[in-house]
Structure formats: structure tokens, C-alpha cells
Amino acid sequence: LDIQSKRIYERFHRYMHSQRMLRKSIGISFIAQIFSILMNYLVIISLGARIPLFILFIYIPLIWVFALFPSINGLGIREGFYVYFFKGIIGSETAFALSILILGLIVLNGIIGGFIYLAMGGKVRVVEK
């Protein structure tokens, strides 16, 4: 193995056996999913629709899982499932508008992250103890 591959292997091995790091990663992921659901809720409200929040806690994670199906970043699949799940609650047109707005927010998030990456000089800093 070359030096870079060996470093990557060592990091994965260290994180794989660190219960603290695993709990921390799962916690951050859980918080990110809650923010994603709340973002969807705010977009729904901005569209003038109403959906009980607990329904979003069921449907949004399902939509994200279905977006993992082979496609280009879930494009089309994610939007189709937004319409499928929400058409009976807020109507097909509003559900499609919701899906397009969420897609726009995902793209905007990626652009902002890209600018941050470039502002850091195109390098990711690795903090090791």
C-alpha cells in the first residue's frame, strides 16, 4: 500500500473501533435529519399548506431512502416520491412545488459548501489527536 492508502486505512480502522466517535457521528446525523425535516416543514408553510409535523417525521426519511436508488443524486426519484406521499394531503401541484424548492435548497447548500471549500484553499483540514 502507498502512504496515502495506509493513512486512509488507519483512520477508518481507528474510527471503526471508537464507540465515542460512532455515537458522535450518529448524533450529528440525527440532528441533521431533524433540521432537514424542519426545513421541509418551513417550505410547506411558505407554500400556504399545512401538514402535521409528525407526518413529515415519517415521510421525509422514507423519501431520502428512496432517493438512494440508482439515479443522478436522486434527481427525479426524490421529486416523484414527494408527489406520491404528499399529493393526498396538499395536492399534486403543491407537492411538486415543494420537491422543486427542496431541490433548489439542496443545490444552494452545495454551492455554499463549494465556496467555503474554495475559501479554505481547496483543502480539507484533518484534525488528529
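The values are calculated or read from the model by the stated rules, or taken from the named source; none is laboratory data. Note that this is a predicted model, so its numbers are computed, not measured. Note: ideal-geometry Cβ built from the backbone for every residue, glycine included; neighbour counts use all protein chains shown. Areas reflect the complete protein model, heavy atoms only, side chains present, ligands, DNA and RNA absent. Shrake-Rupley method; radii C 1.70, N 1.55, O 1.52, S 1.80 Å.
Here are the numbers:
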quantity: Yes/no for ILE58 being open to solvent by 80 Å² or more (accessible area, probe 1.4 Å), at negative phi, in a loop (DSSP other than H, G, I, E, B) and without any contact (Cβ under 8 Å) to a residue 24 or more places away in the chain; calculated: no
quantity: The range 90-105 residues that are under 14 Å from ARG50 (Cα atoms), paired with ones that are aromatic (Phe, Trp, Tyr) and open to solvent by 60 Å² or more (accessible area, probe 1.4 Å) (beta carbon under 9 Å, 6 or more apart); calculated: ALA95/TYR84
quantity: Meets criteria (within 17 Å of ILE106 (Cα to Cα), at pLDDT 95 or above and hydroxyl-bearing (Ser, Thr, Tyr)) for TYR84; calculated: no
quantity: The lone exception for GLN33 - which of (1) surrounded by 13 or more Cβ atoms within 10 Å (Cβ to Cβ); (2) over 16 Å from the mean Cα position of the chain (by Cα); (3) not aliphatic (A, V, I, L, M) it fails; calculated: (2)
quantity: Residue within the range 103-125 that is surrounded by 13 or more Cβ atoms within 10 Å (Cβ to Cβ), out of contact with any Asp or Glu (no Cβ under 8 Å at 6 or more places or on another chain) and among the hydroxyl-bearing types (Ser, Thr, Tyr) present; calculated: no
